[in-house]
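Have a look at the structure below before the remarks.
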Amino acid sequence: MRKPKQPRQVKKTEQEKQKRSLLKEERPAVFVKTYTIEVSGRNACFTNPLTKRDPVSYDVITPSAARGIFMSFLDKKSSRWDITKIEVLNPIRRENFKFNGIGTVVGGKLENCRKYIYANENRIQKNMNILADVKYRITADLMFIRPEDRDVLDEDPGPDEKPIKLAKIFERRIERHDVTHDPYFGMSQYFANVRLVKDGDERPEPIKESRDLGWMIWGVNPYAIKGKSIRSIYHAYMIDGVINVPAWGSMDVRHKVLDSEETSNIG
């Protein structure tokens, strides 16, 4: 009897291993175009990871949530969104309410996990502190990642893949509101209304308020290391309603490697 053939093991070179370990934010990219959008909604919750049982929102939108709104229109392996500026257009207001939650989870390796749960027996009441009547103007740079700078496991790019094509795709989709998923403010139940701000459009002034927003989530990369993720934070300052967001590789952004259990606490 003939032995079945074993799959051929392909040895990765040191250069491929090094490229595989790079995060998307670290990869060299080509600047395509700067876009500005206005987003508004009735409520928003950008959960501070320091709040465990009762979710409490940050005072303003985080760069991670802002990036997610852009990615709802264009999210490709060849593209990257770098948030540069956030302008707060409405006064910061908060709302508090209570809701019923479940005090345990199903599956996993935690001690309190079970194979099944009874909702009536495990129901707990939680307090939630969220934002109300939010409106922001967000500016971001669309970046193009060349094929040689992408993950080695990506598929071969098409012959017509060019930076200008990404810009046309984004502009067409946002005009038609053609999204891969509905844009939202931190949580999927808080829908975001999005409008592209063009040259010559009226731009309302941001609020005349300055405050120290403290340490804020810049972004979370859940696929950085096998079984772990990287959380990036930065110290945010709002000056006359404007927040300048530093680049991922700047000294103002700090990074920490998290276990899977720690990542689950980040909202």
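The values are calculated or read from the model by the stated rules, or taken from the named source; none is laboratory data. Bear in mind the structure is a predicted one, so any value in this text is a computation, not a measurement. As a convention, Cβ positions derive from the backbone with ideal geometry for all residues, glycine included, and neighbour counts pool all protein chains shown.
Candidates in the range 174-193 are the residues that are surrounded by 19 or more Cβ atoms within 10 Å (Cβ to Cβ) and of a type in the set (A, V, I, L, M, F, W, C); of these, the one that is farthest from Ile37 (Cα to Cα) is Phe185.
Inspect the range 159-171 for any residue being within 18 Å of Arg137 (Cβ to Cβ) and modelled with pLDDT of 90 or more and give the result as yes or no. Write out each step before concluding.
First pass over the range 159-171, keeping only residues within 18 Å of Arg137 (Cβ to Cβ): 170-171.
Restricting the remaining residues to those that are modelled with pLDDT of 90 or more gives 170-171.
Within the range 159-171, one or more residues are within 18 Å of Arg137 (Cβ to Cβ) and modelled with pLDDT of 90 or more.
Being under 17 Å from Trp215 (Cα atoms), among the polar types (S, T, N, Q) and surrounded by fewer than 21 Cβ atoms within 10 Å (Cβ to Cβ) holds for only one residue in Ser64, Ser72, and it is Ser64.
Has the range 202-217 got at least one residue that is among the charged types (D, E, K, R), under 22 Å from Lys33 (Cα atoms) and either out of contact with any Gly (no Cβ under 8 Å at 6 or more places or on another chain) or at pLDDT below 90 (or both)? Talk me through it step by step, then tell me what you get.
As a first pass, look at the range 202-217 and keep what is among the charged types (D, E, K, R): 202-203, 205, 208-209, 211-212.
Now restrict to residues that are under 22 Å from Lys33 (Cα atoms): 202-203.
From the residues that got through so far, the ones that are either out of contact with any Gly (no Cβ under 8 Å at 6 or more places or on another chain) or at pLDDT below 90 (or both) too are 202-203.
Checked the range 202-217: at least one residue is among the charged types (D, E, K, R), under 22 Å from Lys33 (Cα atoms) and either out of contact with any Gly (no Cβ under 8 Å at 6 or more places or on another chain) or at pLDDT below 90 (or both).
Looking only at the range 96-147, which residues are modelled with pLDDT of 90 or more and loosely packed, with under 13 Cβ neighbours inside 10 Å? Residue satisfying the conditions is Asn96 alone.
Residue by residue, here is whether (1) of a type in the set (Asp, Glu); (2) under 14 Å from Met187 (Cα atoms); (3) assigned to a loop (DSSP other than H, G, I, E, B) holds:
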| residue | (1), (2), (3) |
| --- | --- |
| Ile37 | no, no, no |
| Ser64 | no, yes, no |
| Asp82 | yes, no, no |
| Lys85 | no, no, no |
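Consider the range 236-254 and keep the residues that are at pLDDT 95 or above and assigned to a strand (DSSP E or B). The one that is surrounded by the most Cβ atoms within 10 Å (Cβ to Cβ) is Ala236.
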